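Contents: one structure, followed by commentary.
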Amino acid sequence: MPDRTRFLGRTLAVAGAAVVALATAVPAAAATAPPTVDQDVAQLYQDVVDLYNGLPASALRGVDPLINSPIPRPGPRFKAAQDPIPGCTEGSLLTYANKLAAQLTPLENKAFAALSGLSQLYVQGVASDKSPQVFGTDGQYSSRATATIDKLRGFWDIESWNIQLVAWKGTDLGSQVKMAQTFSLGLAPAKVKGAAALATKVLYEVPALQGGRHPLLTLNAFSAPADSLGGKRVALGDGLLDTVNLLGFDDVSVESVVGHEYGHQVDFAHNNYPPNESSEMGPDAYGGYFVAHAKGFAWDARTQQEVTYLDASIGDCFHSHGTPDQRKAAGAWGEKQATSQGNPNRVIPSATMIDKFQKEYPKLMPPATDQSGAATLASAHS
Ligand SMILES: [Zn+2]
């Protein structure tokens, strides 16, 4: 993605400039002068990088977010850059997220990267649904989230009691206790307290962060498998819910997104890790089946349609999570399985659903796009 490269380049250039400024400005009052905002952000970013590097090897394995955020997370990169699929236009939610990111200065971009990465580790490794979870900036989505996870646990035939649903909130970054717990996951113990204090300091030192309420900090959702950092869980970001509302899909946001993320748990339970877009389009299909099914939300045709447009809004053009058209088709296919089956109350076993989708998946990849994409991939690697 050209934009992302540009941000990284700008961020690195500024970091380099800061180092030079530091080296030349030392003599006079440096010993007693308080650190500048630039220095605070640079130090926090390094603390978060060190934290990621100190995590156990399996901590992030299998954890794939709903969208590739325009805010790059510190730590290892999972996906190589590649050219976009010709003729593809990314979904409206991605366009919106990229626009938000483009408004950030390099300093802000670095602060967002550090704090977004930190908040993701908090929700993945520290947060627990044993304390009541508050979904949405003002808790406006809590009851829908609870109803959705309850229904999903009874819907699919997988072990479900230990799948947590946790709220991903930028405002948690304001708690030194929570941030100390987070840094303890991988940072040297002697540095934990200082790093936690710095995180809460930067949160209010960089006004663009809005004290954790800027949607880009938590504009995502993810599902994590049993052997990852905090065990089986689905995380739902406040920033994602706010953005989906803004784009006009509020009616279906919580149910669709949690239905999709729970779909990853269905795949995890069957060790189904396909090495292509079906790893994302499968959960779109299972989610569609769930919301349209009589034992799920039994949503009508109009609402099912809204869900497929939400699926499309998170489609990308990088052979990553599926294009908008592919994701829309996967969701619609899942819905059709529910509405066209003989006995509306029967829920297909999850293993059967996975098989059915894997058979359908090649048909949901438009041939022209697939071929040009394959050609792009081949040239990128040669
Ligand atoms: Zn997903």
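Condition first: surrounded by 21 or more Cβ atoms within 10 Å (Cβ to Cβ) and aliphatic (A, V, I, L, M). Now tell me which residues in region 230-249 satisfy that.
V234, A235, L236, L240, L241, V244
What are the residues in region 213-235 that are aliphatic (A, V, I, L, M), part of a strand (DSSP E or B) and under 8 Å from the mean Cα position of the chain (by Cα), if any?
A221 - this is the single residue of region 213-235 that is aliphatic (A, V, I, L, M), part of a strand (DSSP E or B) and under 8 Å from the mean Cα position of the chain (by Cα).
Return the only residue of T339, T308, T323 being out of contact with any Pro (no Cβ under 6 Å at 6 or more places or on another chain), at pLDDT below 95 and not charged (D, E, K, R). Show your work before the answer.
Details: T339 fails: at pLDDT below 95; T308 fails: at pLDDT below 95.
Only one candidate qualifies: T323.
Among the residues of region 344-373, count how many are modelled with pLDDT under 50 and surrounded by 12 or more Cβ atoms within 10 Å (Cβ to Cβ).
Final tally of qualifying residues: 4.
Find all pairs meeting these conditions: Cβ atoms under 7 angstrom apart; at least six residues apart or on different chains; first residue within region 208-231 and without any contact (Cβ under 8 Å) to a residue 40 or more places away in the chain and of a type outside the set (S, T, Y); second residue more than 16 Å from the ligand (Cβ to nearest atom) and not in a loop (DSSP other than H, G, I, E, B).
none
Among the residues of region 37-78, what is the count of those that are more than 16 Å from the ligand (Cβ to nearest atom) and aromatic (F, W, Y)?
2
So which residues in region 244-284 are more than 17 Å from G334 (Cα to Cα) and touching a Phe, Trp or Tyr at 6+ places or on another chain (Cβ under 6 Å)?
Listed by number, the list holds a single entry, V254.
List the residue pairs whose Cβ atoms are under 8 Å apart, where the first residue sits in region 261-288 and is at pLDDT below 95, the second is aromatic (F, W, Y) and outside any helix (DSSP H, G or I), and the two are 6 or more positions apart or on different chains.
Short answer, once both residue conditions are applied: S279/Y273.
Here are some residues: S223, S313. Which one is away from the ligand (no atom under 11 Å from the Cβ) and hydroxyl-bearing (S, T, Y)? Quick ask: steps written out before the conclusion?
Details: S223 fails: away from the ligand (no atom under 11 Å from the Cβ).
So the residue among S223, S313 that is away from the ligand (no atom under 11 Å from the Cβ) and hydroxyl-bearing (S, T, Y) is S313.
Residues being polar (S, T, N, Q) and touching a Leu at 6+ places or on another chain (Cβ under 6 Å): count how many of those fall in region 93-115.
0
Mind listing whichever residues of region 297-318 are in a helix (DSSP H, G or I), touching a Lys or Arg at 6+ places or on another chain (Cβ under 6 Å) and in contact (Cβ under 8 Å) with a residue 60 or more places away in the chain?
Listed by number, the list holds a single entry, A312.
Which one of these is away from the ligand (no atom under 15 Å from the Cβ), crowded, with 20+ Cβ neighbours inside 10 Å, in a loop (DSSP other than H, G, I, E, B) and over 20 Å from the mean Cα position of the chain (by Cα): L203, L187?
None of the others qualify; the one that does is L187.
Does region 245-292 hold any residues that are more than 12 Å from the ligand (Cβ to nearest atom), of a type outside the set (S, T, N, Q) and part of a helix (DSSP H, G or I), and which are they?
L246, D250, D251, V252, V254, E255, A269, G288, Y289, F290, V291, A292
Is it true that L152 is crowded, with 17+ Cβ neighbours inside 10 Å and over 30 Å from L187 (Cα atoms)?
For L152, the condition - crowded, with 17+ Cβ neighbours inside 10 Å and over 30 Å from L187 (Cα atoms) - is met.
Confirm whether L100 is modelled with pLDDT of 95 or more and within 30 Å of V206 (Cβ to Cβ).
yes
If I ask for residues that are part of a helix (DSSP H, G or I) and among the aliphatic types (A, V, I, L, M), which ones from region 336-364 would you list? Before you say what the answer is, go through the steps one by one.
Just the residues of region 336-364 that are part of a helix (DSSP H, G or I), to begin with: 336-339, 350-364.
Once the filter is applied, which keeps residues that are part of a helix (DSSP H, G or I) and among the aliphatic types (A, V, I, L, M), region 336-364 yields A338, A351, M353, I354, L364.
List pairs: first in region 47-64 and touching a residue at least 60 places away in the same chain (Cβ under 8 Å), second of a type in the set (F, W, Y) and surrounded by 15 or more Cβ atoms within 10 Å (Cβ to Cβ), Cβ under 8 Å, 6+ apart or cross-chain?
Matching pairs, first to second residue: D47/F183; L51/F183; G62/F268; V63/F222; D64/F222.
The values are calculated or read from the model by the stated rules, or taken from the named source; none is laboratory data. Note that the structure is predicted; figures quoted are calculated from it, not measured. Ideal geometry is used to build each Cβ from the backbone, glycine not excepted, and the neighbour counts take in all protein chains shown.
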